[in-house]
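Below: the structure, in structure tokens.
The values are calculated or read from the model by the stated rules, or taken from the named source; none is laboratory data. These numbers were taken from a predicted model, which means no experiment stands behind them. Cβ placement follows ideal geometry from the backbone for every residue including glycine, while neighbour counts extend to all protein chains displayed. Surface areas here come from the heavy atoms of the whole protein model, side chains and all, with no ligands, DNA or RNA. Shrake-Rupley method; radii C 1.70, N 1.55, O 1.52, S 1.80 Å.
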Amino acid sequence: MTEPVLSLQDVTLSLRGNAGMVKILHGISLDVAAGETLGLIGPSGSGKSSLLMIMGGLERATSGAVLALGQDLTDMDEDALARFRRDNMGVVFQRFHLIPTMTALENVATPLELAGKADAFGRAQAMLDKVGLGHRGDHYPAQLSGGEQQRVALARALAPQPRILLADEPTGNLDGANGQAITDLLFDLSREHGATLVLVTHAPELATLCDRTIPLRDGLIDAEATATQAAE
């Protein structure tokens, strides 16, 4: 049996709030197969984004094990996690997180340079061409629309050809037309690059495109909703 690309084993997450420690996730166990597209769905506050951040080592689990490509992220220090993400993961956020003082081309090329990839700017330009922004490489984020900024963010995430692509509400700040365009690019390019895609979404039309969806509620996998899905 092929080893899962991502494996969470009894993962919990507690964070300190104004009234003390708050438990966000309650014993999540989940495997994600190579090449799979997985949607994390559920109401606001259900723990979807927290679970995605744990998968990417951007948030540390309070207990349990988080394995990515067979390596336990919970055993890594911050420097090791940063190197692992650089070499194996791409992340797309709802709010783009582009560097405002860099052009679109520089934003895409920077992760390639940090990873020591040859011809970083040539590869970045090719990726911008793929997302339809080859002619906007010299523009700064403030000079781009929301849809264009998300295209740059997607190009930046995929340019290093990561094995795992994580997307947190990638269409959440976009109108219908731009959201559909980003959706198409997200699935087409992740498939082209052979990446395993895990995304958080409130959009039913985006969730239905995934190979599988995991419904969350109150920090738990919603067993009732999962059973309903299986019966349909």
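General observations
- Candidate set from region 1-25 (those that are out of contact with any Lys or Arg (no Cβ under 9 Å at 6 or more places or on another chain) and polar (S, T, N, Q)); member that is nearest to L197 (Cα to Cα): S7
- Filter result for the condition that a residue is within 30 Å of G45 (Cβ to Cβ), of a type in the set (A, V, I, L, M) and open to solvent by 10 Å² or more (accessible area, probe 1.4 Å), over A157, A167, A181: A181
- Count - residues of region 54-88 that are touching a residue at least 12 places away in the same chain (Cβ under 8 Å) and either among the aliphatic types (A, V, I, L, M) or on the phi > 0 side of the Ramachandran plot (or both): 15
- Residue within region 9-32 that is modelled with pLDDT of 95 or more and assigned to a loop (DSSP other than H, G, I, E, B) present: no
- Filtered residues of region 66-80 (kept if surrounded by 15 or more Cβ atoms within 10 Å (Cβ to Cβ), over 21 Å from L199 (Cβ atoms) and hydrophobic (A, V, I, L, M, F, W, C)): M76
- Of the residues contained in region 45-65, one or more are found to be acidic (D, E), open to solvent by 30 Å² or more (accessible area, probe 1.4 Å), modelled with pLDDT under 95 and touching a strand residue (DSSP E or B) at 6+ places or on another chain (Cβ under 8 Å).
- For region 116-136, a tally of residues being open to solvent by 30 Å² or more (accessible area, probe 1.4 Å) and in contact with a helix residue (DSSP H, G or I) (Cβ under 6 Å, 6 or more places away or on another chain) returns 3.
- Any chance L40 is out of contact with any Cys (no Cβ under 8 Å at 6 or more places or on another chain), at positive phi and among the aliphatic types (A, V, I, L, M): no
- Filtered residues of region 31-44 (kept if of a type outside the set (D, E, K, R) and either buried (at least 18 other Cβ atoms within 10 Å of the Cβ) or closer than 19 Å to F187 by Cβ (or both)): V32, A33, A34, G35, T37, L38, G39, L40, I41, G42
- Lone unmet requirement of (1) farther than 20 Å from S50 by Cβ; (2) small (G, A, S); (3) surrounded by 19 or more Cβ atoms within 10 Å (Cβ to Cβ) for G90: (1)
- Screening F96 on (1) open to solvent by 30 Å² or more (accessible area, probe 1.4 Å); (2) closer than 21 Å to L197 by Cβ; (3) part of a loop (DSSP other than H, G, I, E, B) shows it passes everything except condition (1).
- Residue tally, condition surrounded by fewer than 22 Cβ atoms within 10 Å (Cβ to Cβ) and either within 17 Å of L52 (Cα to Cα) or in contact (Cβ under 8 Å) with a residue 24 or more places away in the chain (or both), over region 192-204: 4
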